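Read through the structure below, which is laid out as structure tokens, and then see the notes.
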Amino acid sequence: MANLSQKNKNEIQYPRDCTFSLQDWTVLSNYWYPIAESKEVTEKPLAVKLLDVHLVAYRTKTKLVVARDLCVHRGTPLSMGWVEDEEIICPYHGFRYRPDGVCTSIPAHPDAKISPRLCMTVLPVVERFGLVWTSLTGKYDNIPSFSAWDHSDFQQINCPPFDIKGSSGRQMEGFLDVAHFAWVHTETFGDRTNAIVPRYQVDHTEYGLHVEYLSSVSNYSKELQHLNPEGFEWLRVFDVYPPFSATLKVYFPNGGELWIMNAASPRSARETRLFAPIARNFDKASPVEDVHAFNLQVFIEDREMVENQKPEDLPLDLQMEAHIMADKTSVAYRKALKKLGLGDLYTS
Ligand code: FES
Ligand SMILES: [Fe+2]
């Protein structure tokens, strides 16, 4: 009974119709990505996709579970099922699975022994910065550090997840690109008459890259530009956690700090769900809706570029695109991705 002949069910295999090359998928599967906001994951199973793998996320009374969205009996998505106490129930024949993946009940044969191989594939999971993070293998810890999220001097805000029909590599590179502010962000904080990118330095760290960028580009929204003190130098500090997460700290006048995380979740090589936790130590009483609206506009401005760039994949062969001095971070980012083992003409 329930005699499975397939190989190890607990390992997620390279998916059919995968949009990544086998090499790139294998490398990327070792890292962590956010897949949902914490508040989206409830007792009602939620279907999500990561690296072309369909996953289900849900909460039992005591546990947060992320698993492969597949019942090994007849391939039904478990996200179509429901949770009762500690178990998720498949809607097709009622098999029940515990949070550790063990199948506890086959209603058609209540007395039969259940093979231990008949189980749900459960993935590692953590909750950080109001997000649920998972990894297909859990091998490397690349989750950014973002201490303002736990600091009482700061207000913590999660921007609603934002979908982009583009690769996570292109999206992330856009977040690190300082030359586009003047051109793309004209409705938010950029200014066409302030396009010069001063020299800056990129440092390599244990986790990735550290960049301190000093310029006169103000981070105030258009309506608040009058608050920008004459001659003020804006410091932006980027920390990059390859493959697809980074943080940016923007230092405002009078000690204000705005921290923004860009955590790109590669649903496939052509679809990215962007998660952006934000923390700030000023304007804490202002409505969060204003922060959502401002950032939404920034994301929309960026999306127009990312969805139209060609090739869609971020080229890691540096000969493929032209680079200028202002691209120092992008070039270092591409080299860092290549070092992870991603293919030359990479993909997402
Ligand atoms: S397909 Fe899930 S119980 Fe049969
Ligand atoms: Fe941008």
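The values are calculated or read from the model by the stated rules, or taken from the named source; none is laboratory data. None of these values were measured; they are calculated from a predicted model. All Cβ positions, even for glycine, are placed from backbone atoms using ideal geometry, and neighbour counts span all protein chains on display.
Annotations for the structure displayed:
- Residues located in the stretch 285-316, provided they are surrounded by 13 or more Cβ atoms within 10 Å (Cβ to Cβ) and either within 22 Å of residue 146 (Cα to Cα) or over 21 Å from the mean Cα position of the chain (by Cα) (or both): 288, 291, 292, 294, 295, 296, 298, 299, 311
- Among the candidates 322, 293, residue that is farther than 19 Å from residue 168 by Cβ, outside any loop (DSSP other than H, G, I, E, B) and small (Gly, Ala, Ser): 293
- Residue selected from the stretch 170-204 under the condition out of contact with any Phe, Trp or Tyr (no Cβ under 7 Å at 6 or more places or on another chain) and closer than 20 Å to residue 33 by Cβ, by the criterion surrounded by the fewest Cβ atoms within 10 Å (Cβ to Cβ): 174
- Condition check for residue 304: acidic (Asp, Glu), assigned by TED's automatic domain parsing to the domain that holds residue 186 and free of Cβ contacts under 8 Å to residues at least 40 places away in the same chain: no
- Any hit, the stretch 292-305, residues being in contact with a Phe, Trp or Tyr (Cβ under 7 Å, 6 or more places away or on another chain), under 22 Å from residue 162 (Cβ atoms) and either modelled with pLDDT under 95 or more than 16 Å from ligand 2 (Cβ to nearest atom) (or both): no
- Filtering the stretch 58-84 to residues that are away from ligand 1 (no atom under 14 Å from the Cβ) and either more than 26 Å from residue 39 (Cβ to Cβ) or in contact with a Leu (Cβ under 7 Å, 6 or more places away or on another chain) (or both) leaves 58, 66.
- Among the residues of the stretch 85-108, not a single one is touching a Leu at 6+ places or on another chain (Cβ under 7 Å), more than 12 Å from ligand 1 (Cβ to nearest atom) and not hydroxyl-bearing (Ser, Thr, Tyr).
- Positions within the stretch 190-214 being part of a loop (DSSP other than H, G, I, E, B), farther than 19 Å from residue 263 by Cα and either free of Cβ contacts under 8 Å to residues at least 40 places away in the same chain or within 16 Å of ligand 1 (Cβ to nearest atom) (or both), in sequence order: 190, 191, 192, 193, 194, 195, 196, 198
- Residue ID - nearest to residue 223 (Cα to Cα), chosen from residues in the stretch 150-189 that are part of a strand (DSSP E or B) and within 16 Å of ligand 2 (Cβ to nearest atom): 159
- Condition met for residue 274 (under 30 Å from residue 133 (Cα atoms), within 15 Å of ligand 2 (Cβ to nearest atom) and under 23 Å from the mean Cα position of the chain (by Cα)): yes
- Any chance residue 125 is β-branched (Val, Ile, Thr), touching a residue at least 60 places away in the same chain (Cβ under 8 Å) and either surrounded by 16 or more Cβ atoms within 10 Å (Cβ to Cβ) or within 16 Å of ligand 2 (Cβ to nearest atom) (or both): yes
- Restricting 146, 181, 175, 162 to residues that are more than 16 Å from ligand 1 (Cβ to nearest atom), over 29 Å from residue 309 (Cα atoms) and among the hydrophobic types (A, V, I, L, M, F, W, C) narrows the list to 146.
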